[in-house]
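What follows is a set of notes on a single structure, which appears directly below.
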Amino acid sequence: MTLLGQFALWAAFLLGLWCAVAGFSGRWRGRPDLTQSVTRAVYGICVALLVAAACLWKALLTHDFSVEYVWAYTSRNLPTYYVISAFWAGQKGSLLFWALVLSIFASAAQALSSRRHAALLPYVAAVTSSVVAFFVSVMLFAANPFERLAFTPLDGRGLNPQLQNVGMTIHPPMLYLGYISITIPFAFAIAALLSRRLDTGWIHAIRKWTIVSWMFLSVGITLGMWWAYVELGWGGYWAWDPVENASLLPWLTMTAFLHSVMIQEKRGMLKRWNLGLIVGTFMLSIFGTFITRSGVIASVHSFTQSNVGYFFLGFLILAGAFGFTLLQTRWHLLEPEAHLESMVSREAAFLFNNLLFVGIAFSVLWGTLFPILSELVRGTKITVGPPFFNRVNVPLGLMLLALTGVGPLIAWRRASASNLRRQFTLPLGTGAVVAAALLAAGMRDAYAVIAFALAGFVAGTVAQEFFRGVRARRRIHGEPLPRAFIRLVGRNRRRYGGYIVHVGILIYCVGFAGMAFKREREATLKPGESVELRSPYGHTYRFTHVGISQYQALNRIVSAATVQVERDGKPEGVMTSEKRQHFTVENGEKVPSFEPSTEVAIRSGLREDLYIVFAGPVNGTEEAVYRFTINPLVWWIWYGGLVLVFGGIITMWPGGGHPVPVTRQAPAAYGAALVGAGEPS
C-alpha cells in the first residue's frame, strides 16, 4: 500500500503541474477541450490524493509499523478513534490531509460555481492546483508520510498524551479546514486580476466560500481554546502563544473583509483594499503553517524543527510577491466608484472597523515575530508575553465591540441628527443601565465595566433591529409573532444572520471580561486538610483533600487525587484530578513514552467554573500539591461559539424565501419601517 500511496502522490504532483501550466498560460481561451482538460486535472488530483489518504489510513488502522509515520504516532494499545486522528497528528500526515482537503475544495469550486464565472474557473484551477502541487512536493522531497523504516518494530511510540483528547480529534481538522478553504477566495481574486474581470462578480463567487472558511476558523480557534483549558492545566484558554496567534491572524483579516466587501457591493468603494485583504489573508494562512512547522518558535502546538519550514518560507515569499505584484499592475483598473461623504455614516463605521481589525492583526503579528527578529538582529531572543498583547489589543477590542453596535444603526452616505437620536437612544440607554448596575454592585475593574456596558449596548442594537423588523411584518402582513420572526430572518438571512453572529461575539466578550475576576490559590494538603477560596459572587468554597489512589489504565498509570468540595458549608460533591504517565511495553517491561500529563478536574456552571489541578504527591506520600482556581463566565465562551456558528449558517444558507403577499394596504410609515428592517419597499 505504501508503494500505491507513493505513486498517487507523484500522480497528483504531475497533474498539479500540468493544470498550473495550462491554466496560467491562457491557451484554453476558445478551446473547450483544453478547458475541460484543466477541470478534469483538478478532479484527477483529488482522486489521486484520496487514494494516497486511503493508503495511509490503512497503514494506521492495520498497525503497519514498518511505516515511520505509523510507528511515530500510534501504538497497539491506542484507542481506534485516536488512531484515526493520528492521520493529522504529525507533520507528514497533516500535510497529506491539507493537500487532500484542498483538492476536494478545488473540485467543489469547479463543480458548484455558477457558469457565469466560467471565464475565471481555469485560472482558479491553476491557482488551487499550484498550491496542491506545492504541498505534495513538500511530502515527496522533505516529509514523506510513506517513508519506511529499515526494520519493523513490534509496537509504535504512541500518540502524545496531550493529543489524546476528544478536542484534538476535532480541533486540528476544523482549523485546517479554515486555513485550507481560504485558498478558494484567494484563487478567485487572482483569477479576477488575471482576467481583468474586476467587477463584483468575483465577490459573489467567493461570498459563501469566505463565510465557510471564516466559520471553520472560528470553530477551530474556539475548540483550541477549549482544549487548552481542559488539557494543559494552566487555568486559562488563551496565552497569546505564537501558534494561537497564527490562527487568529487570518481570522482577523477575513472578518475585516466580510465587513468591507459590503461597502464595495453597496457603493463601489474599497476595491483595492478588499483584494489586498484576500491576498493578505491567504499569506497569513501560509504564515501560520510556516510558524507551526518551521521550529523557529517554541510552542506546545508546534511540530519539531525540520527543513519543511524552508519550503514554506520560500512559498510564502513567492506567493506574496506574485499576488501583490499582480494587484499593483491592476491598480489603475480598481478606481472607486464613490467616495466617503461623511465620517458619520455606515461606510465610515465599516472603515474604522477594518482599521481596527488590521491594527489588531499587525500588533499580534509584530508580537509573534519580535522574538525571532530580536534573535536575528541581536543574537538574543526577547520574549513578548501576554502583558504586551493585552495592553495593546484589549482597548482595540473594546473599540471593535462598540463599532459592532454602531455599524447597523448609522445610515449609508450621511447620517442626520434625527437618525442618530432615533437609532441610538435605546442601545445607549441599555449600555448605560448595565454600567450603572455593575458600578452599584461594586465592580471597579474599568475594562470589565466597559466591556459589559458595550455588550449591553450591542445587545440593545440587535434587539432593536429584530423588534422593528418583526413589528413591521406584523403590522403589514398580520402575522403572529413566531412566523413574523422566522420570515423576517428568512427573507434577509445575510443581515439577520450577521446580527446573530454579533450576539455570539458579544457573548464571547462577556466571557473574556469575566476572567478579570479570576481567583486562584495553591496549597499542599494532607488527607483531611482543607483550604478555602472565595468566589467573585461572594460564595466561599472549601476544598478538602480526601486522598490519592493509583491504578493502571489501557496505556497509562494514573495517580488520582480526590477533593471534597463545599460551598458556603453545603456539600457539592467530589472532584478528581489526575496525573498520568503513559508507557509502552518493551521486552515485557513498561517504559515511559512521554512526559507525565495532567487531567484537570472541572465543574462548569453558567456563572463560574471550579478548576482543580493536581500537581503531584509529596515524596510519594498521600500529601498532595494542588492549584485551586475559580474562573467566572468561562461557559459563556463556549456558548458564544455555538451562537456564532448558528448565525454563520443562517447567513450562508441558500435561498432567501419567497415574497409574502401583502394582505392589506400599508401606510407609508409602515413601508418605511420595512425598508429599515431589510424588507423590500
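The values are calculated or read from the model by the stated rules, or taken from the named source; none is laboratory data. Everything quoted here is computed from the prediction, not taken from an experiment. Neighbour counts run over all protein chains shown; Cβ positions are idealised from the backbone, glycine included.
Given the structure, is LEU140 within 21 Å of PHE7 (Cβ to Cβ), in contact with a Pro (Cβ under 8 Å, 6 or more places away or on another chain) and in a helix (DSSP H, G or I)? In short, no. Against the test of being part of a helix (DSSP H, G or I), of a type in the set (S, T, N, Q) and within 17 Å of PHE24 (Cβ to Cβ), the options SER85, SER94, SER130, SER107 yield a single qualifying residue, SER130.
Whether a residue is at pLDDT 90 or above, closer than 24 Å to VAL449 by Cβ, of a type outside the set (Asp, Glu) and in a helix (DSSP H, G or I) was assessed, and LEU356 passes this test. Considered as a group, the residues in region 20-34 that are more than 35 Å from the chain's Cα centre (by Cα) and part of a helix (DSSP H, G or I) include one that is nearest to ALA133 (Cα to Cα), and that residue is SER25.
Of the residues ALA133, ALA142, ALA109, the single one that is touching a residue at least 40 places away in the same chain (Cβ under 8 Å) and either under 13 Å from VAL38 (Cβ atoms) or crowded, with 24+ Cβ neighbours inside 10 Å (or both) is ALA109. Taking SER75 and the conditions (1) crowded, with 21+ Cβ neighbours inside 10 Å; (2) out of contact with any strand residue (DSSP E or B) (no Cβ under 7 Å at 6 or more places or on another chain); (3) outside any helix (DSSP H, G or I), which numbered condition does it fall short on, given that it satisfies the others? Evaluating SER75 over (1) crowded, with 21+ Cβ neighbours inside 10 Å; (2) out of contact with any strand residue (DSSP E or B) (no Cβ under 7 Å at 6 or more places or on another chain); (3) outside any helix (DSSP H, G or I) leaves (2) as the failure. The set of residues in region 336-373 that are free of Cβ contacts under 8 Å to residues at least 24 places away in the same chain and under 14 Å from ASN274 (Cα atoms) contains only LEU355. Mind checking which pairs have a first residue in region 494-510 that is assigned by TED's automatic domain parsing to the domain that holds GLY431 and a second that is of a type in the set (D, E, K, R) and part of a helix (DSSP H, G or I), Cβ under 7 Å, 6 or more apart or different chains? The qualifying pairs are TYR499/GLU465. Selection of strands (runs of 3 or more DSSP E) fully inside region 560-669 by the criterion of at least 2 residues being modelled with pLDDT of 85 or more returns 570-586, 597-599, 601-603, 608-617, 624-632.
Scanning region 36-70 for residues that are within 20 Å of PRO161 (Cβ to Cβ) and either surrounded by 21 or more Cβ atoms within 10 Å (Cβ to Cβ) or in contact with a Cys (Cβ under 7 Å, 6 or more places away or on another chain) (or both) yields LEU60, PHE65, TYR69, VAL70.
If we keep just the residues of region 55-67 that are more than 31 Å from the chain's Cα centre (by Cα) and touching a residue at least 24 places away in the same chain (Cβ under 8 Å), which is farthest from ARG148 (Cα to Cα)? Of everything passing the filter in region 55-67, HIS63 is farthest from ARG148 (Cα to Cα).
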